[in-house]
Amino acid sequence: MLALKPISHDSISGALAKAERYRLLNEPGEAESICRDILAIEPDHQPALISLILALTDEIPHDAHAFKNAVTLVDLLRSPYDRAYYAGIAWERRAKARHHGGSQGSHHYVYEWIVKALDLFAEAELLRPAGNDDAVLRWNACVRFLMQHKELAPRTDDIAEPIVSE
């Protein structure tokens with residue numbers, strides 16, 4: 001039977017750089033594998049966790065479990081800022097993947113998920129380190145997305161008026 005081989009601790013920084021390159025090459029599965037190799041020897045390695053979360057969110061359009069897996073990993077991040085920011089990215093990418101997938105009747109879900117991302121980016125903005133405007137940049141991208149897609153709107157619950165018979 002085949003078994004996974006552990007990487008050495010000395011190779012972590014190079015492996016992390018390779019994971020980033022694979023993400024940039026639109027090969028998130030390869031990046032995910034590398035991050036899992038790093039986490040196998042250093043389970044709390046924060047940059048590897050972040051890279052894995054991002055690789056999983058890259059896979060959302062093609063993998064039904066990627067969003068849930070990414071959000072689960074967000075809870076392992078130590079920084080409250082990181083938890084809010086990367087959860088926001090997961091919700092944003094989930095919304096945009098659903099929108100680009102074009103499934104009928106998804107407009108309300110997409111809107112609600114973008115609003116969830118906006119809430120998380122607002123939380124991250126309050127927690128951000130000085131000079132870090134990443135949450136603001138993501139907020140603005142989400143707002144522009146909603147401005148470009150006016151068909152996205154919150155649910156309106158139509159409450160039927162009772163029929164009053166005489």
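This table checks each residue for (1) within 16 Å of ILE53 (Cα to Cα); (2) in contact (Cβ under 8 Å) with a residue 40 or more places away in the chain; (3) aliphatic (A, V, I, L, M).
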{"residue": "LYS68", "(1), (2), (3)": "yes, no, no"}
{"residue": "THR72", "(1), (2), (3)": "yes, no, no"}
{"residue": "TYR85", "(1), (2), (3)": "yes, yes, no"}
{"residue": "ALA90", "(1), (2), (3)": "yes, no, yes"}
{"residue": "ARG94", "(1), (2), (3)": "yes, no, no"}
{"residue": "ARG98", "(1), (2), (3)": "no, no, no"}
{"residue": "SER106", "(1), (2), (3)": "no, no, no"}
{"residue": "GLU112", "(1), (2), (3)": "no, yes, no"}
- Query: Right, ALA70: open to solvent by less than 10 Å² (accessible area, probe 1.4 Å), modelled with pLDDT of 95 or more and not charged (D, E, K, R) or not?
  - Reply: yes
For region 97-143 the number of residues that are among the charged types (D, E, K, R) and out of contact with any helix residue (DSSP H, G or I) (no Cβ under 7 Å at 6 or more places or on another chain) is 3
Of the residues in region 100-136, those that are in contact with a Lys or Arg (Cβ under 6 Å, 6 or more places away or on another chain) and in a loop (DSSP other than H, G, I, E, B) come to SER106
If we keep only residues of region 142-156 that are surrounded by 14 or more Cβ atoms within 10 Å (Cβ to Cβ) and not aromatic (Phe, Trp, Tyr), then the residue modelled with the lowest pLDDT is LEU152
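Quick one: would you say TRP139 is under 20 Å from ALA64 (Cβ atoms), assigned to a helix (DSSP H, G or I), at pLDDT 95 or above and not charged (D, E, K, R)? Spell out how you get there, then give the answer.
Numbers: under 20 Å from ALA64 (Cβ atoms): no; assigned to a helix (DSSP H, G or I): yes; at pLDDT 95 or above: yes; not charged (D, E, K, R): yes.
Criteria not met by TRP139.
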For region 2-30 the number of residues that are open to solvent by 100 Å² or more (accessible area, probe 1.4 Å) and not in a helix (DSSP H, G or I) is 6
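The values are calculated or read from the model by the stated rules, or taken from the named source; none is laboratory data. Note that the structure is a prediction, hence the values are computed from the model and not measured. In this analysis, Cβ positions are derived from the backbone assuming ideal geometry, glycine residues included, and neighbour counts consider all displayed protein chains. The accessibility values were calculated without ligands, DNA or RNA, using every heavy atom of the protein model including side chains. Shrake-Rupley method; radii C 1.70, N 1.55, O 1.52, S 1.80 Å.
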